[in-house]
Structure formats: C-alpha cells, structure tokens
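The structure appears right after this line, and notes come after that.
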Amino acid sequence: MKKLKIGMVCPYGWDSPGGVQTHIRELTKHLQDEGHQVSVFAPVSDEERVNESWLVNAGKPISIPVNGSVARVLFGPIASSRVKQWITQGDFDLLHLHEPAIPSLSLLACSAATGPMVGTFHVSSPKQKAIYAIGPILEPIVEKLTARIAVSESARQTLKDHFDTDAVVIPNGIESSQYSSAQPTIHWRNPHTLGFIGRFEESRKGLQILLDALPIIARFVPDVRLLVAGPGDGDELIKKLDIGLRNRIVFLGFLSEQEKASFLKSINIYVAPNTGGESFGIILTEALSAGTPVVGSDISAFKAVLDNGEAGLLFKNGDSADLAKVLIGLLRDEELQQSLSSKGKLSSQKYDWQVVADQILSVYEMAMAGNNKVGLISDSRFWNRR
Amino acid sequence: MNLTQVLIVLIVLFVGWYLTFSASRLDRLHHRVETSWATLDSLLQKRAAIAMEIVRESSLDPATSFLISTSAHAAREAVISDRSEAESVLSESLKMVKEIAYDESLELPSELLIELSDITNKIKLAINLHLEAVNAARNVRRKIIIRIFRLAGKAPLPVRYAFEDDVL
C-alpha cells in the first residue's frame, strides 16, 4: 500500500484526558510507524503541555455540558477558517474525523471538505430529543463521510438511531504488549486482591455496588482486599465507609500508564461494576491482555468485550448480591482463574493495535477508491473554479 | 417595496438555495454509489481470479475443483441481475476450501489462502460501504421535494443487492 498523507481531527481538547484523545494519539503513532504521514488538528488549552510535532493547534477550547459531563470543544467562525486553512495546507489524501456529530472541529471539517473522509463514532447514548431539532441539519453533513466506523456495537446502534446510517465496527485498540509484559508491584500483590480503576465519584462507574458487595465477600474470603485507582478524593469516601471495611480498601489515586499496567498485573481480579453509559470498556481489554480475570456488569458493551461471559464473568447489572456471589466463587476457584486468564489473553488479541490499525487502513483504502484527494467544497463551486 | 414583497423574494431565494443544495447532495450520493460499487466489483473479480488460481495450483479432488472453477467462472460472467446470486454460490464453494485448508495432504498454496481471506475481509467492508451508500441515496430520493422537482434527473434508482456477507 502506498504511503498516505492523513489529516486527523480531534474534537476535544488535546491536553485534557479522554478516551478519544488516547485513541487518536495511539492510532497516529501506529500509522506513523508504518510510514504514513499524519497531521492531527485539535483544540489545545495550554500550549506548553503539548510537545508532539505533528499536532496542529486549532485554538483554545470552550467547555460545554454534553451527556452529563463537560466536553471541551471548539467551533465558531475563526475555528472554521482555521480548519479550511489546515485542509488546504495539508494537501491530504484522506481525512479521518473523530466524533463528527459533536459540535466541534470534526463537524466543521466535514462540512468544509470534499473527497475521501472517514468518520469514527465513539459515543454511545440513548436517543436524545435535541437530535430531532438538529438532525436534519447534521444529516447532510455526516452523510458526506465516505466510510463510517463505530468503536462498538452500541456506538453503531447510537449512530443508527440518530442518523439512519450504518457503520463498520472496529474496536478501540490497545498496546497489548505493554500489559502482558508489565511487572507486578510487590506490595499490591496479595492472595485475594480485587481491583477497580475509574473516576469513582461518578455513580455510573458503580464503585458503590462493589463496596456493598464487599462485606458479604469478606464473610467467605476473610483476607479479601480492594485496591481502588483513579482520580478523586479517596479520604472523603473512606470517612463514609463502615469501620470494618476501612482497612480492606486502599485508594491509590491517579495512576500513570505504566503504574496502571503494573496494577492490572498485580491484582487477582479486575471488577467493572459500571451501571451504564459505557460504549466500549477499554480498561477491560487492558486487564484481559494482562492476563487478569475480569468480572463485569452485564451491560451490552461489557458483554461484547467479555465474549458473552466466555472471556470473563458477568453479573447482573446493579445487583451487589449477585456480584458478591460471582466474586466469591471466582476467588475460591484457582483453576477457573487460570482458565479465564488464558482465555482472556487470547480474546484480547483482537484489540491489539497491530490488528486494529490494519482494519482501519483497509477502510482508508476503500474510502480512497475514487482516487481523488481532499479539497475544500468552496473551491469546487463554479464561481471559484479556475 | 413592502413587507410581503420582501418576504416573497426571501422565500424564493431560500427555495432556490434549497433546491440546488438538495441536487448537489443527491449528486454526491449517486457518485458514492458508483464508486463503492466499482470497488466492490473489482474486489469480487479479484476473488474469482484467486479462486481459479487456487484450483490450478492445488491438488484438490476433481469434484471440488470443478465446483469452484465453474462457480468462479459463473460469477465472472454473470450479468448484473444474476450477480449477487452467482457471488453467493462462489462464497459457498470457497467455504469448502476453508474447511479443508487444515488438511496437509492437499498441498493447498498457503499464500493464496491468505490472500483469499484478506480479500474476503475487504469484500465484507466493501459490501457494507456500498449498501450504506445505496440506502442513503434511496432515502434522500424518497423525499417529496426531490420527487416533485425531479432532482434525480434520469439517474436510475440505486439497487439494493442481496449480498449475504455472513456466508463469506
């Protein structure tokens, strides 16, 4: 395959943490390793925290509430003219727009450009009323994408509900070698240790369900411990806990990528009690590739990642008694832990970037079948033609 | 000029803009149907060629070879209306190759098999993209305003082929 010039658009602030940003960063790295040229266009709020040479700053993002959390996006006439400038200067073979239905840079790029365009839809949410109002305006724009990718079956369903179009499902990628070869940290290692990672203050992450299950588990497995990692105030939460539970739980705070890999390798079981709003569950695939057995709630995204209970165990969403039952069974059965570990490793291989980036490249190839380059729609209007 | 006249002018301008907008949108969709079909078509042709080559290079039993080569030939020669059926037959017979691929004694050319599975994946993608383009074009053509003003012109209504990508 010939080497491509790819323009990638990130709708959210590059220097704020998020799944979409991570996805773009890692995909870009992989494409560059294969010899393609990639330029990423993204809003940046603090220029000093950005050191990638291939990143083009689009301006400072503004914060708007989307879907219960705050999104840092960028739009407006100045952003729009910067998008056009970037497209003209980049002379790209293909544009890859992430989340093109969110009011941000990707949408602007999609409406300004013509030629091969691929869009990736990350979000999964129930049908929103607002879409009835803006749907007819967005539809002709989103329709311009030559190919659509959804990161999960539920993201695809969201797209179908909102725009009446379909997409190819290509999962998020992970650097699986990073997890499989990680070294465990000794003082995190203990015979019966459970692990949880996430913004535990958000109720949809479901830590409370796990905390409710813990006293029941402790009755059957006396030395059970729980390690909780993620941004948030652990002290605040500990104060609210039952005294008998306090010494079983350790809050580790925010972990770096490397610490996270070591964390996943050290614990016995990774627990994902999320109650909903998850599109994919990348942390589950990371735990799987570290060879750690995973227990997750039976929401559709997790069911898909855990191969319907083949690669990891499922419990009834929101039911802490059921979670306790599943965890006790697994903690006491080392053979089951072993077999889940090897099955999980095997099934996580399909999420490795090596595989995922190849799939994305074949979508690029399809999208470019027409053999024309990316240009601006305004250049093809007849009064602008030369 | 009074208010009504201004309003009428504005409405006429808006309708004019909307019609050109819809026409160019439809044109873009038709174009996409054509390019995605061209991609799919060339991939299917390539698959038939690989099937032929597999038969030539390996020591399959005569019945299987006959089945694959006739279905590949039929897929290549099929007229557009029989195309999807012919391709499905080829998919079915290629499935047999996949099933016997583990049998070492047959000396199946492994490079060709890899190429075949590669192209099968691409065909799945291409089918997906093509059907999507066809659906989008058909949806837009259903709109009242496009039918009244005949914005589709003489372009034929894109046909939804019944490709069964699950047999691939």
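Starting from the 7 Å offset along Cα-to-Cβ, what nm value, one decimal, do you get for the label separation of A:S81 and A:N190?
Once both label points are built, they end up 6.1 nm from each other.
How big is the gap, in Å, between the Cα center of the stretch B:116-146 and the Cα center of the stretch A:1-22?
Computed from Cα coordinates, the inter-centre distance equals 26 Å.
Could you order peptides A:307-314, A:112-119, A:9-16, A:166-173 by the average number of other Cβ atoms within 10 Å of their residues, highest first? Mind dumping the intermediate values first?
Values: A:307-314: 17.5, A:112-119: 23.1, A:9-16: 25.0, A:166-173: 20.9.
Listed from highest to lowest mean packing, they are A:9-16, A:112-119, A:166-173, A:307-314.
At a Förster radius of 60 Å, what calculated FRET efficiency corresponds to the Cβ-Cβ distance of B:L157 and A:D212, to the nearest 0.05?
Values: r = 58 Å, r/R0 = 0.97.
Computed FRET efficiency for B:L157 and A:D212: 0.55.
Test of understanding: ordering A:V250, A:V20 by Cβ neighbours within 10 Å, fewest first, what list do you get? Present the calculation step by step, with values, prior to reporting the outcome.
Working: A:V250 15, A:V20 21.
Ordered by Cβ neighbours within 10 Å, fewest first: A:V250, A:V20.
Between B:I114, B:V79, B:L90, whose Cα lies farthest towards the positive end of the dipole of the stretch B:27-148 when Lys and Arg beta carbons carry +1 and Asp and Glu beta carbons carry -1, centred on the Cα centre?
My answer, from the dipole projection, is B:V79.
In a solvent-free Debye calculation with one equal scatterer on each Cα, what is log10 I(q)/I(0) for the stretch A:176-350 at q = 0.13, 0.18 Å⁻¹, listed in the order of the q values?
Debye intensities relative to I(0), on a log10 scale: -0.56, -1.18.
Evaluate the distance, in nm, between pseudo-label points positioned 7 Å from the Cα of A:I64 and of A:K29 along their respective Cα→Cβ axes.
My value for the distance between the label points is 3.1 nm.
Based on the Cβ-Cβ distance of A:L252 and B:T20, what FRET efficiency does E = 1/(1 + (r/R0)^6) give at R0 = 60 Å, to the nearest 0.05? The partial results should precede the final answer.
Numbers: r = 60 Å, r/R0 = 1.00.
Once the sixth-power term is evaluated, E becomes 0.50.
Can you find, among A:Y351, A:L331, A:V374, the residue sitting farthest towards the positive end of the charge dipole of the stretch A:305-386, where Lys and Arg contribute +1 and Asp and Glu -1 at Cβ?
The listed residue farthest towards the positive side: A:V374.
Taking every pair of distinct Cα atoms and averaging 1/r, then inverting, what Kirkwood hydrodynamic radius in Å comes out for chain B?
Details: mean 1/r = 0.0532 Å⁻¹.
In chain B this quantity evaluates to 18.8 Å.
Measuring from centroid to centroid over Cα atoms, what is the spacing of the stretch A:181-211 and the stretch A:226-258 in Å?
Taking the Cα centre of each part, the stretch A:181-211 and the stretch A:226-258 sit 9 Å apart.
Readers should treat all values here as calculations from the given coordinates under stated rules, not as data from a laboratory. Keep in mind the model is a prediction, meaning the values are calculated, not measured. Neighbour counts run over all protein chains shown; Cβ positions are idealised from the backbone, glycine included.
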